[in-house]
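Worksheet: the structure to be examined is printed underneath.
Just so it is clear, none of the values below were taken in a lab; they were calculated from the coordinates. Fair warning: this is a prediction, and the values are worked out from it, not measured in the lab. Virtual Cβ from ideal backbone geometry, glycine too; neighbours counted across all protein chains shown.
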Amino acid sequence: MQLESFLRREKQVSRRTLSKCKRLGAITCGGKSIRTIDRVSPGEVIVLELPEEHGTAAPNPALHVPVLYESEHILVYNKPADMPCHPSHGHYTDTLANAFAAAYPGTPFRCINRLDRNTSGTCIAAKSAYGAGFIQQTAEKGYIAAVTGPLTEGGTVDAPIARERNSVILRCVREDGKPSITHYTPLLQNEKYTLLEFRLETGRTHQIRVHMAYIGHPLAGDDLYGTETEDISRQALHCAWVRFPEPETGNTVTVSAPLPEDICALFPEAIAFRRRI
């Protein structure tokens with residue numbers, strides 16, 4: 001495919017960043033300059049020398065997002081549901097980036113583990129390019145979700161995920177998709193829902209939501225993948241903890257966020273469990 005298509009579709013490079021790199025001649029293939037209209041093939045190494053950025057989100061000091069951890073290079077938020085990480089159509093001033101911009105004017109918002117708008121929990125923001133590079137590939141995440149129906153034993157879903165051909169947002173299990181592996185362990189259950197803990201070997205878009213719908217246990221409240229929202233108004237998914245090496249010391253840091261009230265409300269017995277997270 002064309003280099004521009006590869007970078008935009010497969011690597012999610014923004015149009016703005018790509019334009020800057022083009023102007024600076026900062027894109028190479030195998031050490032030689034390459035145009036975005038040139039075709040690329042599997043096995044080739046593409047390098048982008050990203051230009052220095054400045055904070056672009058509008059500061060919104062009215063947003064108050066709990067900070068769970070902070071150091072010179074790293075910030076961990078407890079992101080609430082119904083808050084996007086980045087500005088987009090219809091959400092220009094109510095995002096995590098807007099809250100970050102108010103606290104750190106002029107500093108680019110580097111989100112390490114971007115969460116969907118309605119997914120709550122621990123969300124890492126790097127306060128420096130060095131911090132982002134240091135933990136980008138090493139940060140671990142742990143998720144908890146409520147799914148429909150009873151699941152009494154743990155298991156693994158090993159099924160490739162691809163973008164739905166007629167949708168920009170939806171993902172699906174398809175043979176030509178990217179390898180995707182999700183491990184799950186039951187924590188609590190009642191006659192309607194099961195609370196699961198997840199460990200992901202891959203990080204595909206909507207991976208937990210797609211895999212659980214695929215095995216017949218979609219997330220509670222996940223209307224995008226086919227369940228009702230009578231008991232909870234969003235997909236019942238929470239990033240319960242993150243673990244990463246601290247850039248200043250190299251020591252491993254684990255930061256957790258308690259299970260939110262709307263997910264706890266699905267399980268009366270979760271109140272005691274919530275205290276142990």
- line: Gyration tensor on Cα atoms of region 3-48, a ≥ b ≥ c root eigenvalues, a/c under 1.5 rounded, else prolate if a/b beats b/c, else oblate, says oblate
Charge tally in the Cβ shell below 11 Å around V210, where Lys, Arg are +1 and Asp, Glu are -1, V210 excluded: +3
message: Under 37 °C and 0.692 mPa s, how fast does region 54-277 diffuse according to Stokes-Einstein, given a Kirkwood radius computed over C-alpha pairs? Answer in µm²/s, whole number.
response: 180
- request: Taking only Cα atoms and a 10 Å spring cutoff, compute GNM fluctuations for the chain and point out the largest among D231, D82, D38.
  value: D38
statement: Residues M1, M212, M83 in order from fewest to most other beta-carbon atoms within 10 Å are M1, M83, M212
message: How many angstrom lie between the Cα centre of region 32-51 and the Cα centre of region 195-265?
response: 35
task: Give the Kirkwood hydrodynamic radius (Å, one decimal) of region 50-172, defined as one over the mean of 1/r across all pairs of different Cα atoms.
output: 16.4
query: When the chain is modelled as a GNM with alpha-carbon springs shorter than 10 Å, which of C239, C29, C85 fluctuates the most?
result: C29
statement: Once normalised by the length of the chain, the mean sequence separation of its alpha carbon contacts under 8 Å that are 6 or more apart gives a contact order in percent of 14
Overall Cα dimensions of region 149-277, principal axis frame, Å, largest first: 43, 41, 27
message: If you filter region 28-97 for GluC sites (Glu not before Pro), then keep DSSP loop positions with at most 15 other Cβ within 10 Å, what is left?
response: E44, E49, E52, E53, E72
task: Using a Gaussian network model of the chain whose springs link C-alpha atoms within less than 10 Å, name the residue from T182, T138, T148 with the highest mean-square fluctuation.
output: T138
